[in-house]
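J.: Please read through the structure below; I'll follow up with questions.
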Amino acid sequence: MSYIKTLINAILAGIMIGIGGTVYLACENKIAGAFLFAVGLMAICVYQMSLFTGKIGYIFQNKPSYSLDCLVVWLGNICGTLLYGLAVAYIKPELSQTAGALVEKKLQQEPFATIILGIFCGILMYIAVDNFRTNKHEIAKYLGIFICVPVFILAGFEHSIADMYYFALTPDCRLLSLNGILYILYVSIGNLIGSWIVPNLKLIGDKLVKS
């Protein structure tokens with residue numbers, strides 16, 4: 001039952017990221033769109049949904065079974081973004097065309113470059129989520145989200161779940177293509193590495209200071 005609950009929460013998180021991606025694509029002003037995209041992560045944090053990029057940074061702090069949880073979350077995020085993306089493509093075909101152009105540019109990147117861009121995004125996502133979890137000041141909790149999210153978008157960093165949505169939204173649903181799946185895997189690997197960097201380097205630094 002726990003995995004079913006995790007899967008449902010992950011599907012919901014995928015939909016929330018899709019909503020953020022929709023408003024970003026619909027905004028002519030990309031700065032405003034990047035800021036409004038953050039509503040997706042805010043909803044996920046407030047309602048305790050399960051997002052791959054929000055959970056993977058804590059894998060070394062949990063039991064081995066947590067790794068399976070993260071895999072279930074990743075698959076659930078795919079399901080959520082796919083279902084939502086197909087729905088939006090049907091009701092807003094103009095956004096589907098916009099997503100198609102965006103995805104074509106992404107697919108022109110070298111895999112290693114995609115992984116690096118995913119790493120930088122993973123760092124920011126860990127900071128945003130951990131700040132929400134640990135910061136005792138209510139305003140600061142939300143401020144971290146509404147700063148980190150626009151930064152990774154405007155910097156051109158790659159977020160695996162947002163990319164799942166953009167690929168699902170394309171006219172030919174590139175998320176289900178071999179190139180689309182490989183691209184998402186590259187970004188996911190980058191997000192995973194980036195999410196590990198901050199907590200683990202901090203842990204190493206603390207150990208060195210104590211020694």
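J.: Viscosity 0.890 mPa s, temperature 25 °C: Stokes-Einstein D of the range 132-211 from its Kirkwood Cα radius, in µm² per second?
T.: D, rounded to a whole number, is 162 µm²/s.
J.: For a quick check of your reading of the filter: which trypsin sites (Lys or Arg not before Pro) in the range 107-211 sit in a DSSP loop and have no more than 15 other Cβ atoms within 10 Å? Kindly include the intermediate steps, with their values, before the conclusion.
T.: On the way: sites: 133, 136, 141, 174, 202, 207, 210; in loops: 136.
Hits after loop and neighbour filter: 136.
J.: Using only alpha carbon pairs under 8 Å that are at least six residues apart, calculate the relative contact order of the range 2-210 and give it in whole percent.
T.: Result for the range 2-210 is 29 percent.
J.: Around residue 141, under 14 Å between beta carbons, what's the net of Lys plus Arg minus Asp minus Glu among the other residues? Don't skip to the end; give the middle numbers.
T.: Values: positive: 133, 136; negative: 130, 138.
Overall, the nearby charge balance is 0.
J.: By how many degrees, 0 to 90 and rounded to 10, does the Cα axis of helix 111-134 deviate from the longest principal axis of the chain?
T.: For 111-134 against the chain, the angle is about 60 degrees.
J.: Of 191, 200, 29, which has the largest mean-square fluctuation in a 10 Å C-alpha GNM of the chain?
T.: Largest GNM mean-square fluctuation: 29.
J.: I've got another one for you. Under the 0.36 nm per residue contour assumption, what length would be gained going from the current alpha-carbon distance of residue 75 and residue 206 to full extension? Mind showing how you got there, number by number?
T.: Working: separation 131, 0.36 × 131 = 47.16 nm, distance 3.44 nm.
Result: 43.7 nm gained on full extension.
J.: Choose one answer from 83, 176, 51: the residue with the largest mean-square fluctuation in a GNM of the chain with alpha-carbon springs under 10 Å.
T.: Greatest mean-square fluctuation among the candidates belongs to 176.
J.: For the range 67-145, count the residues as N, evaluate 2.2 N^0.38 Å, and divide the Cα radius of gyration by that value, please.
T.: Expressed relative to 2.2 N^0.38 Å, the Cα Rg reads 1.43.
J.: Please compute the length gained on full extension between residue 5 and residue 87, using 0.36 nm multiplied by the number of residues separating them and subtracting their Cα-Cα distance. Kindly include the intermediate steps, with their values, before the conclusion.
T.: On the way: separation 82, 0.36 × 82 = 29.52 nm, distance 2.32 nm.
Contour length minus Cα-Cα distance gives 27.2 nm.
J.: Report the percentage of all Cα-Cα pairs in the chain whose separation exceeds 20 Å, rounded to a whole percent.
T.: 55 percent
J.: Which of the lysines could a cross-linker span from residue 30 if the Cα-Cα distance has to be under 27 Å and same-chain partners fewer than 8 positions apart are dropped?
T.: 92, 105, 106, 141
J.: Here's another thing I want to ask about it. Can you work out the FRET efficiency for the pair residue 66 and residue 172, with r the C-beta to C-beta distance and R0 = 45 Å, to the nearest 0.05?
T.: Efficiency for this residue pair is about 0.80.
J.: Given the options 26, 38, 89, which has the most mean-square fluctuation in a GNM of the chain, springs set between C-alpha atoms less than 10 angstrom apart?
T.: In this elastic network of the chain, the residue with the biggest mean-square fluctuation among 26, 38, 89 is 26.
Computed from the coordinates by the stated procedures, all read-outs in this text should not be read as laboratory data. What you see is a predicted model; the values in this text were computed from it and never measured. Neighbour counts run over all protein chains shown; Cβ positions are idealised from the backbone, glycine included.
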